[in-house]
1. Restricting to region A:278-308, give me the number of residues that are assigned to a helix (DSSP H, G or I) and β-branched (V, I, T).
2. A:S275 is checked against (1) surrounded by fewer than 22 Cβ atoms within 10 Å (Cβ to Cβ); (2) within 14 Å of chain B (Cβ to nearest Cβ); (3) in a helix (DSSP H, G or I); (4) touching a helix residue (DSSP H, G or I) at 6+ places or on another chain (Cβ under 9 Å) and fails just one. What number does that condition carry?
3. Give me the helices (runs of 4 or more DSSP H) completely within region B:38-138, filtered to those with at least 2 residues that are in contact with a helix residue (DSSP H, G or I) (Cβ under 7 Å, 6 or more places away or on another chain) and either on the phi > 0 side of the Ramachandran plot or surrounded by fewer than 24 Cβ atoms within 10 Å (Cβ to Cβ) (or both), ordered by residue number.
4. Can you confirm whether B:G164 is touching a residue at least 40 places away in the same chain (Cβ under 8 Å), in a strand (DSSP E or B) and buried (at least 19 other Cβ atoms within 10 Å of the Cβ)?
5. Based on this model, can you work out whether A:G239 counts as away from chain B (no Cβ under 14 Å) and under 19 Å from A:M48 (Cβ atoms)?
6. Consider B:R7 carefully, then state whether it is at pLDDT 85 or above and either within 11 Å of another protein chain (Cβ to nearest Cβ) or under 23 Å from B:S104 (Cβ atoms) (or both).
7. Can you pull out the residues in region B:178-223 that are of a type in the set (D, E, K, R) and either part of a loop (DSSP other than H, G, I, E, B) or touching a helix residue (DSSP H, G or I) at 6+ places or on another chain (Cβ under 6 Å) (or both)?
8. For region A:60-71, enumerate the residues that are assigned to a helix (DSSP H, G or I) and more than 13 Å from A:L213 (Cα to Cα).
Amino acid sequence: MNEFFTVASLVFVVGSGIRLATPFLLAGLGETIGQRSGVLNLGVDGVMLLGAFGAYWTILETRSPIAGILVGIAVGLVMGLIYGVITVSLRAEQGISGIGIFLFGLGISDLLFQKKVGTPMPIRGFGDLHLPLLADIPKVGEMFFQHSVLVYIAFLLVPVVAFFLNHTTFGLNVRAVGENPAAADSLGVSVLRVRYTTILLANGLAGLAGAVLAAELGIFQQNLTNGQGFIAIALVYFGAWRPIGVMGGALLFGMVSATVLQWKTLGLVSGAASSLTAMAPAVLTILALVAISRTVGQPAALTRPFDRGQ
Amino acid sequence: MQVRKNRKFLGLVVLSAVLGLLAGACGSDGEVATGGDDGFRIAIVAPSASNDLAFSQSIVDGVGALTGVSAVDVTDGTFIVDDAAAAIRAYAGEGYDLVIAHGSQYGGSLQEIAPDFPDVAFAWGTSADTFGLPNVSAYTAASDQGGYVMGAMAASMTSTGIIGVIGPIAVGDAKLYVDGFVNGATESVTGITVNVNYIESFSDVALAAEAAQGHVANGADILTGTAQMVVGATGVAAEHGAKWFGTQSNQTALGPDIVVASQVYKWEVVLQGLVNGIKQGDLGGESHTITLENGGLAIEFNEGVDAGHARKIGEKAVKDISAGFTETGA
């Protein structure tokens, strides 16, 4: 175990954990916004897949990572519009609708990949951005300031989303709609408009999360996300519907994953222990989730469609 | 109230449309035309995309190289075993002459399905177990042989003396390849360190990429890996200038500047015998292995990367293993 507790090893674990946490963080922040307005979207993973394919294909065709990221967000917005129509306007059951969106994204992204691309071809993403001065700080720079620009954007979004939810009028409306949509409606807040907006934001961020994944990995493959969207949803509960909490959950998940990877690389775990340690990130997250869910209540109107006539 | 009902109905319609679309899109079925004209039909059920440059592509390419086959139908992306089982049963029911269940995880399903269709031949890999059923053939790859060759070459190319291996789960041909690679590297050059990381997933591309990052951070300048999730790891290798050794399919397309060589599965070497036997009424019941000796395993070099002396080492290792002079130790 001494090999693990070296400076170089720990520097890698922190940097790796931050990279692994980024897609979870983006998708989780989006889902936080949606759920605070009372809308649960179990289809995050499907939207991520579509965003990932959209970004991948765009970068492959244009060689422009920026265009790819924008397309990933746009794909997410389109899926958000569809989900909004289904769950807000048509008031379909959110859980089932979300699963439908997930399966739709899973299938269509693979179908498009097979038809438009076929054999996986590598793409070039943004590369690492070494922040001036900060990146040169020994060890600290390597851990925190030598990442892709997308990683910085993801973490900068945490205070932005927190400010949006807690210190703006629209954020107040979002929380009101998520707790008591009838009361918010009686005060003149358009529940429909608020929920459409949050769904668009949530899905746009899910599309961005998928785009980041594809751009950073430089490849697309069937089911690229491997269930990351579902973990992001769990992290929203873990984070008690607060952006900072979601960030904490994403970092915990990423750091534990990175630690396990490093243990395996150094040969510190093998055989059956390898399988057990692979479950560690999920197990730890679930345990923390159970502990937190006992103390923090979810938005009261979560998953409930709003019907003005009732 | 009526309006609400209608809206609910409309919602269900939309949801049905979404589900209908996905039903058509999930997994991809494809028919591959072949040159045969005697009505022999083969169906393949594979866990990942048929053009994954890895496990699933190897069987599709292998079947595509067969003669005397009139049609090939592929259902890929069936990473859910129940979906694969449904596809296997459907193909058998439709009277395909040979149904290939390409994935060790499909064994349990095949064991249940094959007895229900005694006139249909099944092939299952990678495995050596036919369950004692007369209509099931098993096929596997002695991938430790190619792994040994790759390991010997990698050991001669590394500057740091550290090589990184990314594996999925330590089973089947993946484990054989990794074990053979480690033996090839450590037996060829003393003092070589081979770090092996099984990420416990065949499909987690992000984790495989991060495992590659870990290897590089720990000093590896040569990487290899097996299974379909390595497509992300090759990008990391390219980013850091590390060389890559591929397996299952020729992976040069993933990194024209870094892929030194690939061990390629030529399943047609055993499948052609199966097809010929089925035409003569022999539905199977035996286990088959592709090796360097029988030509089922081939080492394909990337001419775009100068392997230097390592190429000669690799070619000698192939000869020695084929002649039985070298034990791969797996």
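1. Going residue by residue through region A:278-308, those that are assigned to a helix (DSSP H, G or I) are A:278, A:280-293.
Checking which are β-branched (V, I, T) leaves us with A:283, A:285-286, A:290, A:292.
Going through region A:278-308 one residue at a time, the tally reaches 5.
2. All conditions are met except number (4).
3. Details: elements: B:55-64, B:81-93, B:107-113.
Ranges flagged: B:81-93, B:107-113.
4. On the way: touching a residue at least 40 places away in the same chain (Cβ under 8 Å): yes; in a strand (DSSP E or B): yes; buried (at least 19 other Cβ atoms within 10 Å of the Cβ): yes.
So B:G164 fits the description; yes.
5. Numbers: away from chain B (no Cβ under 14 Å): yes; under 19 Å from A:M48 (Cβ atoms): yes.
Spelling it out, A:G239 is indeed away from chain B (no Cβ under 14 Å) and under 19 Å from A:M48 (Cβ atoms).
6. On the way: at pLDDT 85 or above: no; either within 11 Å of another protein chain (Cβ to nearest Cβ) or under 23 Å from B:S104 (Cβ atoms) (or both): yes.
No; evaluated as a whole, the condition is false for this residue.
7. Residues of region B:178-223 of a type in the set (D, E, K, R): B:179, B:187, B:200, B:204, B:210, B:221.
Scanning region B:178-223 gives B:D179, B:E200, B:D204, B:E210, B:D221.
8. Residues of region A:60-71 that are assigned to a helix (DSSP H, G or I), as a first pass: A:60-62, A:65-71.
Matches in region A:60-71: A:L60, A:E61, A:T62, A:I66, A:A67, A:L70, A:V71.
The values are calculated or read from the model by the stated rules, or taken from the named source; none is laboratory data. All values derive from a computational prediction rather than experimental measurement. No Cβ is skipped: glycine too gets one built from the backbone with ideal geometry, and neighbour counts run over all protein chains shown.
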